[in-house]
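Novice: Quick one: this structure, given as structure tokens, is what I'll be asking you about.
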Amino acid sequence: MSFFLRWLSALALVAVTYAQPYSTWRDYGGSADSAQYSSLTQINRTNVHKLQRAWTFPTGDNARYFFNPLVIDGTMYVLAKSNSLVALDAATGKELWSSAPDPDIKVITNRGFNYWESKDRSDRRLLLSVNHTLRAYDARNGKLIPSFGSNGRVDLKQGLDRDPQALALVQSLTPGRVFENLLILGSATNQGYGSAPGDLRAFDVLSGKLVWTFHTIPRPGEFGYETWPKDAWKTVGGANVWGEMSVDEKRGILYAPTASAKYNFYGVDRAGANLFADSLLALDARTGKRLWHFQMVHHDIWDYDDATAPKLLTLRHEGKSVDAVAQVSKQGFVWVFNRVTGQPLWPIEERPVPKSDMPGEIVSPTQPFPVKPPPFARQKFTVEDLSPYLSPTDRARFRDEILSARNEGLFTPPGTRPTIQMPGNNGGANWGGAAIDPPNGSLFVVSKDLPCLLKLESEETVTSRTANTPEQKGQLSYAKHCLTCHGADRTSQPSIADAPIRLTRRQIENAIRQGQGPMPGFPTLPAEELSDLIAYLYNPARAAATVPAGDRNPNAIDRYYTGFGFMIASDGLAPIKPPWSTLTKYDLNKGTIEWQIPLGDVPDLAAKGITNTGSHYPKVGPVVTAGGIIFTGTRDRHIRALDTATGKPLWEAEVDTAVEGIPAIYQVNGRQYVVFCAAAQVGLTPGTQKKIQGSYVAFALPQ
């Protein structure tokens, strides 16, 4: 074949690949509908065992990344090198350019970017949020586009009808969704009282101007206003979309799953069902008008956010073809609706749930339970469920805690008496945790089982005095975020009482900002509050120093706090019997589970021959391919390829660090690649000072 004919053939292949659905990776999660699916078949069941490393790109630091790369025209965009935008040759991993957004980054969209291009492709943009500002960068060189907003920035704290100076957090770590010339954004309001409202907003990708707003905490005259106290929209925060959204591009419908209202675990100041918290919203993507909604949790006081992207499928239901949307949740439920009407495909029952014993707390007498499909996570934790791998001391401790706690199953309200929560507020499905096989109507869910023990403490109990010193202010912050897990004396497992001895101040700061083990990170904790918290950890005795009896807080209000309450044994593992994480396959045509397997292992146990426990603390996103493969990584530093039909392993590889986030699958020059972000190394092992540099690792078949 002549060079000219080969060139035409290659050009035709590129055109076909570009046009074929799910054949590129131009959006977070692969596509606007969040399928986490690739139609590429070069890598398949028959040859996946031949995969080998094609290239590795070190992040250039030892920070924590869980980034889902984008690939446009053979160029890959990632986050690396101290949160810089980096462009790579997607075939070789060679760096093309890098651009640092700011010298001092407090918060950045670090799970993925948004990409937009004009019809003639002369204008190509990367859209992301940095330090509470929305920004547009030229995708060809990483330079800020000054015509966007004000000198390239849109202040996201503006336009919320709150004092911008009082808002600690308004941007999400997750990217939004591009639809036509709009960028639709959610937000990650913080966890506390006085958080920002969770307004959904759409901005013009060229000018940065606000196009529409949907109030998730309704204003007077808006639908749902009566489900809140009068004027709650002025003070209550949350009901936000900090996780993922999906778009039906053909119909122009946005599907947005919302989080709980704030404060997460105490709702006396927000009596009512609290629409549109914990809801799946279907909005007109062009106008923000509500089309339909369904609320999964009424008056949430369990932090049961819906964080996983809604999945759009076409199913065979009762003999008919139905365009559906499926939403998975922290409770372990799968909710399936008609995508257009919002009608559930299977019945949803309102069932009685326990009452609260907290004064003034009026929980909903019922909560919705889908009759079908069955749950993918365990929803109770009793003495019979204790792990066989607990030490005698831990077993006795957890047995006492379970027997003395209030434990009435799903939706047991937290109170001043310890309360068992299962699945825990960090369990079930989370961001990136589901994928679909569109041609077959299959849904795959990664789930984590991590029970919690919640206990509310009043603000006056925590600090009955005016907080005069940094240590006293830090004690209140500790009570809000850390008390339930680490205990009042900071020795509950995992103990942090000796943290100031074995770790430097910077190492403690990094652990708080980025998270460590089961502990979530607090990347948006205000700098002053972080400093106060560390001061308390270094000198807790000063927080209890005597102050004049009359120096009590005159503005004390009736507020209660609890930490996230993760139940952790002395070896760092959950006290519930494994598997601690699972991968479940559903046939959503029938509403049934086809199979469920443990996902990953715990290295220390695997070294003893104990396997099939599931990895601990997964935050991983599976990707399904038309080649019959599920690709996923885990915290045990392994990357796996599993058979979609059976869940059986077909191939695995070990990398240097833990894997989080969603891999990307793409094709360049006729060669298919799968790339993982292996950069989830967090914290420090006691007694060590070394952190391993992360990397992006791409695999392909031999040339």
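Every number in this text was worked out from the coordinates using simple rules, so none of it is lab data. Model, not experiment: these values are computed from the prediction. Cβ atoms come from the backbone with ideal geometry, glycine included; neighbour counts cover every protein chain shown.
Novice: List the lysines whose Cα lies under 18 Å from the Cα of K455, skipping any in the same chain that are fewer than 8 positions away.
Specialist: Partners within reach: K262, K355, K380, K480.
Novice: If you take every residue apart from Q703 with its C-beta less than 14 Å away from the C-beta of Q703, what net charge results, scoring Lys and Arg +1 and Asp and Glu -1?
Specialist: +3
Novice: May I ask you to compute the full-extension gain from K590 to T92, defined as 0.36 nm times their residue separation minus their alpha-carbon distance, rounded to one decimal in nm?
Specialist: My answer for the length gained is 174.9 nm.
Novice: Something else: If we restrict to alpha carbons, what Rg and Dmax does the chain come to, in Å?
Specialist: 24.5, 93
Novice: So who's got an amide H within less than 5 Å of the one on S31, skipping anything under 5 residues away but keeping other chains? H placed 1.01 Å off N, in plane.
Specialist: It is Q36, by chain and number.
Novice: May I ask you to list, by number, the DSSP H helices of the chain whose Cα span along the axis is at least 20 Å and whose average Kyte-Doolittle hydropathy reaches 1.0 or more?
Specialist: 3-19
Novice: What do you get for trypsin sites (Lys or Arg not before Pro) in region 256-334 restricted to DSSP loop and a cutoff of at most 11 other Cβ within 10 Å of the site's Cβ?
Specialist: K289
Novice: Please list 3J(HN,Hα) in residue order for region 110-127, calculated via the Karplus relation 6.51 cos²θ - 1.76 cosθ + 1.60 where θ = phi - 60°; whole Hz, with x for glycine and proline.
Specialist: Couplings: 10, 9, x, 10, 9, 10, 9, 9, 6, 4, 8, 6, 7, 10, 10, 10, 9, 10 Hz.
Novice: So who's got an amide H within less than 5 Å of the one on G112, skipping anything under 5 residues away but keeping other chains? H placed 1.01 Å off N, in plane.
Specialist: The list, which skips near neighbours in sequence, is N68.
Novice: While we're looking at this one, here's another question. Please compute the contact order of the chain in relative form: average sequence separation of alpha-carbon pairs under 8 Å and at least six residues apart, divided by the residue count, as a percent.
Specialist: With pairs under 8 Å counted, the relative contact order is 14 percent.
Novice: Using 15 Å as the cut-off for backbone N distance, which residues of region 153-168 belong to the label zone defined by a point 7 Å from the Cα of D231 along Cα→Cβ?
Specialist: 162-163
Novice: Short version: ³J(HN,Hα) in whole Hz for each residue of region 577-584, in order, from phi by Karplus 6.51 cos²θ - 1.76 cosθ + 1.60 (θ = phi - 60°), x for Gly and Pro, what are they?
Specialist: Values per residue, Gly and Pro as x: 5, x, x, 8, 9, 9, 10, 10 Hz.
Novice: Take R53 and S82, extend 7 Å from each Cα along the Cα→Cβ direction, and tell me the distance between the two endpoints in nm.
Specialist: Taking the simple label geometry, R53 and S82 are separated by 2.6 nm.
Novice: Which of the trypsin sites (Lys or Arg not before Pro) found in region 594-703 are in a DSSP loop and have at most 16 neighbouring Cβ atoms, other than their own, within 10 Å?
Specialist: K608, K690
Novice: Something else now. Taking a cut-off of 14 Å between Cα atoms, list the aspartates and glutamates near K143, but don't count ones fewer than 8 places away on the same chain.
Specialist: K143 reaches D102, D123.
Novice: OK, next. Spin-label point model (7 Å from Cα, Cβ direction): what's the K119 to D385 distance in nm?
Specialist: 5.5 nm
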